[in-house]
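Below is one structure, written out as structure tokens; the observations come after it.
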Amino acid sequence: MYSITRNIRKITPICKNGLKSSSFINSSRVTIPNRTYSNQTSTNIASSTFSKTPLGVMSEELFLQPINPATCSPITDLKIDTKISLKAKFDAAYLFKEEWRNVELSEKKLMIQRFRDNLIQNTDSIAATLTKETGKPITQATNEVIAVIERINFFLANIDSVLKEQVVRTTEKFQEKIVREPVGVIAAISAWNYPIFIGLNVIIPALLAGNCVLYKPSEFSSLTGISIMNCLYEAGVPQEAFQIVLGKKIISQSLLNLPIDGVYFTGSYATGKSISENLAGRMIKQQLELGGKDAVYVHESADLKTAVASIADGAMYNTGQSCCSVERIYVDKSIYDTFVNELVQVVKSFKFSFDPTNPQTYFGPLTRGVPQIEHLQRLIGSALKRGAILELGGNVLSKAPGYFFAPTIVSNVHHGMEIQREELFGPVVTVQPVSGPTEAALLMNDTPYGLTGSVYSEDAGVANFIAEKSNTGTVYWNACDRVSPYLPWSGRGASGIGATLGIEGIENFTRIKALHLIAPAKDYFGNPSNSQIVTKVTNLVNLEDQMESLKIAQKGANFYEAADGSLKKYTLNDVKPISSYATQGNAFPFVNESLFESEEKAEENEVRDLLKSGKVRKVNKEDPYVPISSIKKD
Ligand code: NAD
């Protein structure tokens, strides 16, 4: 099926169903063009060799040259940061952190709302920039800008409740509560494959929670990073609260060496490991969102047509350059051949073109170019050498103006092959037959990564089995390659630590502080303190809550048990402002905490509890609930 020589570049693929090209990458075609700069010297030469800049040699002007991966042509000359400019940015953030923390949350929310509106208004130009510098097909780039709006809305809707102080216990003598504070000045170091999603998953909750952000976009998506920055500034976010750090690995390492309070990194396992080692011994907040080797199991009960369509898209969307792209497919033996044939047909139907600006184009180029192509060639080549079958693709396309790699399906693989162990990060997927759910679960977990796992089955028992066994932060049933703003996104093992999105993805940008509050016996004037009323005061942190409580009371429909054991309803008269230990302001004396459940269900639950406890029982429609004691008296 496949002939191979010792030099991997000379492999000649013979593909069962492949696209018509057979030539491998011509390295002379894809070399990055170099530019010369007026200030170029042997020590400050920028373009792609900034990482060789010797420590201690500072140039005032360094440049990066973003390349369009679809054409290999340079886009612009981008001035990047030096250690000096980086230090100035850090200092500005550090000096501003108290001020930013103290900006009212309502004001911060307004800024983020305006930012969101700016994104919507500039969708087309931001998507065009993203397509130009990463090669992401324009329809997918536009989708990314549009879909991020839901995430921003989620953060806006939930930030108040996350930041609200939480009273854990109140007695006559003391109160215990938890408050959340910003982490401080944080570094957000980002990847290029979904720069808008990944960037804003961190930037928005971090800013709302009161942190100052030093944002280092990938050198492959710096221009998109600058678009984000412009929209934030236009929305009124102060320059000291959000600053961009441009450059490559070396400036990222310099950023880590500053006395920052936290690092939020998204990128490869190799870089995550290096960052973690770099930070060893420094007690700062660290979040690492790393790679994946995401697996799917297709059970024989699956609706095959739907499953194939969904999995093909999950493997190939964004040209397979997603942390949660499907890379391994395990299929029950009874349906294996049919599945493979159908998968090939569906993937072949996705539009391939060399023009990512065409709205019909589904596949784009590989953003990182030659190293990514060589990585895929190495893994495919060594698998084929060990007996894997190339069902589709496997090669660089001839006549390609940029870094295009054919969509590839490799079957007959096993776990002795590197292709089943290393992250591919390209339009390549493997298929392996299994004997059933038990073997599938074992193989799915036979990886250092733990990002997502997925099962396609009409049988809920099988789905539950895989969901329970899967050692991943996310599990899908009849779905894959999916992210929801409402759920935490987290990895296990080599896929990282921490979470973005969901409520946890807001909390992670705060530090908790536990408060033990003991009221003084006497007040300032020597009079007995009113701390004895503490038990009657529920924590009301802001006016909004007080109004909410009033509204509940006004309904007059809630019960409480009075000191004599009788059951009474609240009326407005029961709600009188008193001095509050918790807030040192006005609050309302409620006996029953359940009144503060914002849900309509609160009352229902309370009555249910009372019924259960035997304190009331239902008698008639007009006066449905009557205390047991009063019935007994009658
Ligand atoms: P990368 O690790 O090469 O680079 C990520 C960022 O780190 C870039 O900004 C880069 O300049 C910087 N960097 C590189 N070396 C560094 C070092 N030694 N110290 C500090 N910073 C350094 O990753 P990439 O190629 O940009 O992104 C692809 C990877 O990201 C894939 O592995 C993918 O799975 C992963 N990813 C994970 C998630 C997730 O949510 N888990 C999301 C997207 C991408």
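Since every read-out is calculated from the coordinates, none of them should be taken as a lab result. This structure is a prediction, so every number in the text was calculated from the model and none was measured. Neighbour counts run over all protein chains shown; Cβ positions are idealised from the backbone, glycine included.
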Query raised in the report: Counting only Cα, what are the radius of gyration and maximum Cα-Cα distance Dmax of the range 149-246, in Å?
Result: 16.6, 59
Report summary line: Env charge @ Ala383, Cβ radius under 11 Å, K,R +1 / D,E -1, value +2
Query - Entries in Lys305/Lys385; Lys87/Lys513; Lys83/Lys216; Lys83/Lys249; Lys177/Lys612 that, when Cα-Cα distance is taken, lie over 22 Å - result: Lys305/Lys385; Lys87/Lys513; Lys177/Lys612
Report task. Would you kindly state how much longer the chain becomes between Ile284 and Ala88 on full extension, computed as 0.36 nm times their sequence separation minus their alpha carbon distance, in nm to one decimal? Result -> 68.5 nm
Query - At most 16 other Cβ within 10 Å, DSSP loop - GluC sites (Glu not before Pro), the range 106-168 - result: Glu165
Report task. Decide, for the range 294-485, between rounded, prolate and oblate: order the square roots of the alpha carbon gyration tensor eigenvalues as a ≥ b ≥ c, take rounded if a/c falls under 1.5, and otherwise choose prolate if a/b is larger than b/c, else oblate. Result -> prolate
Query raised in the report: When the Karplus curve 6.51 cos²θ - 1.76 cosθ + 1.60 is applied with θ = phi - 60°, which whole-Hz ³J(HN,Hα) does each residue of the range 389-403 get, with x for Gly and Pro?
Result: 10, 8, 8, 7, x, x, 9, 7, 7, 5, 6, 5, x, x, 8
Report summary line: The orientation-averaged projected area of the Cα convex hull of the range 217-353, in nm², is 12.3
Query raised in the report: For the cross-link pairs Lys132/Lys248; Lys136/Lys348; Lys136/Lys351; Lys109/Lys136, which exceed 24 Å when the distance is taken from alpha carbon to alpha carbon?
Result: Lys109/Lys136
